[in-house]
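A.B. asks: The structure under discussion is supplied below as structure tokens; questions concerning it will follow.
The values are calculated or read from the model by the stated rules, or taken from the named source; none is laboratory data. All values derive from a computational prediction rather than experimental measurement. Backbone-built Cβ (ideal geometry, glycine too); neighbour counts: all protein chains shown. For accessibility, only protein heavy atoms count, side chains too; no ligands or nucleic acids. Shrake-Rupley method; radii C 1.70, N 1.55, O 1.52, S 1.80 Å.
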Amino acid sequence: YVYFYAKFSQPFEKHAIVENGKIIGGANNASGKVVKALVRFAQTTNKPLLVKVGISAVSMANAKANLESGIPGWNFDQVRKDAVKTWEKALSKITVKGGTKEQLRTFYTALYHALLAPYLYSDVNGQYVGMDRKVHTANFNYYTVFSLWDTFRAAHPLYQLIEPGENNDFVKTMLTMYKQEGHLPVWELDGNETWCMIGTHSVSVIADDILHGQPDFSIPEAYQAMKSAVDDTIRGLKAYHKYGYVPDNVESNSVSRTVEDAYTDWCVAQVAKKLGKMADYRKYMKRAENFKNLFNPANGGFLQGKNTKGQWRKNFNPID
């Protein structure tokens, strides 16, 4: 759900609502799947017409509060300058020397893209819609759009280096989702779990923050959330624990699942070691070697899928 609140710099003289293709002049509210609003402004003014819009996942009142907090006035040029200043500060976290003008443009464009998400989801008053679809209030910045299969390898380690405060809030958001939903996010979108892609890569993001960041959350609680994720029995994990790999006749992407699950086990092991839980450390380090169960020296050294009987996948092609 997205609520919005819009303000115009000039009053409009007429308005109507289009409801399911029918124009209802002067109407102030409507409901339906296809609803549009029409407004007409006076044609006698030479001033530019400005529009500003606030959004919220919680309510229209919050959308209005977000708008009034973020853009209280009507100075378009000042808003633009503030945006440039904000991005200049973010992009200046890394200074690059040398290279051509085109290469520098490519680098900073890529950095700009890397900083576009996750998105701030909590409103100016701290309210947000949780994974349980209820309205909560956070005392930190609560985020959304954790496409973790896409971001755990490089984006989040980058955030740990140049945006440690935000990355810490990312982790606190993930742990809050765990408390509300019962599992760490896999590929979260607007307070919903999409179950997109494979693995549970919030585990590695949390581990990185515990080991290399300045976590201001409960590390023992975070560790329990990580263990819950890797010891679960969903999405091929039951077979992974039974066979020491994900069989290709049980789940698709079986080799990738095995490799990523083994890496996640390794991440849990590192946190276990930091906490002095050596029995756990040995347990998860042993599981972290599960990728070796798919190593086939007979095919040139590639990892290769196996079925539940331990038989190699037939007609193997490493670039298939």
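A.B. asks: So how tilted is helix 219-230 from the main axis of the chain? Cα-based, degrees 0 to 90, rounded to 10.
C.D. replies: Tilt of helix 219-230: around 70 degrees.
A.B. asks: Next question, about the same structure. Any idea what the alpha-carbon Rg over 2.2 N^0.38 Å comes to for segment 1-85? Kindly include the intermediate steps, with their values, before the conclusion.
C.D. replies: Details: Rg = 15.2 Å, N = 85, 2.2 N^0.38 = 11.9 Å.
Dividing the Cα Rg of segment 1-85 by 2.2 N^0.38 Å gives 1.28.
A.B. asks: Could you count how many Lys pairs in segment 168-299 have their Cα atoms under 21 Å apart, skipping same-chain pairs fewer than 8 positions apart?
C.D. replies: Lysine pairs, 8 or more places apart or on different chains, close enough: 22.
A.B. asks: Cα extents of segment 177-320 along the three principal axes, largest first, in whole Å?
C.D. replies: 50, 36, 25
A.B. asks: Tell me the trypsin sites (Lys or Arg not before Pro) within segment 9-38 that lie in a loop according to DSSP and have at most 14 other beta-carbon atoms within 10 Å.
C.D. replies: LYS33
A.B. asks: How far, in degrees from 0 to 90, does helix 101-114 lean away from the longest principal axis of the Cα atoms of the chain, to the nearest 10?
C.D. replies: The angle comes out near 90 degrees.
A.B. asks: Can you pull out the trypsin sites (Lys or Arg not before Pro) in segment 270-320 that DSSP calls coil and that have at most 12 other Cβ atoms within 10 Å? Intermediate results must be reported in sequence, preceding the final value.
C.D. replies: Numbers: sites: LYS273, LYS274, LYS277, ARG282, LYS283, LYS286, ARG287, LYS292, LYS306, LYS309, ARG313, LYS314; in loops: LYS277, LYS309, ARG313, LYS314.
Answer in residue order: LYS309, LYS314.
A.B. asks: With Rg and Dmax of the Cα atoms in Å in mind, check [x] 23.7, 70; [y] 19.9, 63; [z] 25.1, 81 and report the label derived from this structure.
C.D. replies: Only one listed value fits the structure, namely [z].
A.B. asks: Evaluate the Debye formula for segment 26-176 with equal point scatterers sitting on the alpha carbons, no solvent, and hand back log10 of I(q)/I(0) at q = 0.14, 0.15 Å⁻¹, in q order, two decimals.
C.D. replies: -0.96, -1.05
A.B. asks: What three numbers, in Å, describe the spread of the alpha carbons of segment 227-275 along their principal axes, ordered from the longest?
C.D. replies: Principal-axis extents of the Cα atoms in segment 227-275, largest first: 38, 17, 14 Å.
A.B. asks: Counting other C-beta atoms within 10 Å, and keeping those with at most 10, which DSSP coil chymotrypsin sites (Phe, Trp or Tyr not before Pro) do you find in segment 1-100?
C.D. replies: Working: sites: TYR1, TYR3, PHE4, TYR5, PHE8, PHE12, PHE41, TRP74, PHE76, TRP87; in loops: TYR1, TRP74.
Within segment 1-100, the qualifying chymotrypsin sites (Phe, Trp or Tyr not before Pro) (loop, at most 10 other Cβ atoms within 10 Å) are TYR1.
A.B. asks: Okay, next question. Taking only protein heavy atoms into account and a 1.4 Å probe, give the accessible area per residue of the chain in Å².
C.D. replies: Details: 19080 Å² over 320 residues.
Result: 60 Å² per residue.
A.B. asks: Can you tell me how segment 108-230 classifies by the Cα gyration tensor, rounded, prolate or oblate, using a/c under 1.5 as the rounded cut?
C.D. replies: Rounded.
A.B. asks: Once the other residues with Cβ under 15 Å from the Cβ of LYS309 are scored (Lys, Arg +1; Asp, Glu -1), what is the net sum? Numbers along the way, then the final one.
C.D. replies: Working: positive: LYS242, LYS306, ARG313, LYS314; negative: ASP248.
Computed value for this residue: +3.
A.B. asks: According to a simple spin-label model (label point 7 Å from Cα along Cα-to-Cβ), what is the distance in nm between ILE319 and LEU189?
C.D. replies: 3.2 nm
A.B. asks: For helix 254-274, what angle does its Cα long axis make with the longest principal axis of the chain, in degrees from 0 to 90 and rounded to 10?
C.D. replies: Around 90 degrees separate the two axes.
A.B. asks: Measure off, as a whole percent, the carbon and sulfur share of the 1.4 Å-probe accessible area of segment 91-235, all protein chains present.
C.D. replies: Working: 3810 of 6970 Å².
That share works out to 55 percent.
A.B. asks: Any idea what diffusion coefficient segment 83-145 gets from Stokes-Einstein, in µm²/s, Kirkwood Rh on alpha carbon pairs, 25 °C, 0.890 mPa s?
C.D. replies: Details: Rh = 14.2 Å.
Using the Kirkwood radius from Cα pairs, D works out to 173 µm²/s.
A.B. asks: Subtracting the Cα-Cα distance from 0.36 nm times the residue separation, let me have the gained length for THR106 to LEU120 in nm, one decimal. Provide the component values of the computation, followed by the final result.
C.D. replies: Details: separation 14, 0.36 × 14 = 5.04 nm, distance 2.59 nm.
Contour length minus the Cα-Cα distance gives 2.5 nm.
A.B. asks: Here's another thing I want to ask about it. Just to be sure I understand the model, the point goes 7 Å from the Cα along the line to the Cβ. What's the resulting ILE234 to ASN307 distance in nm?
C.D. replies: 2.9 nm
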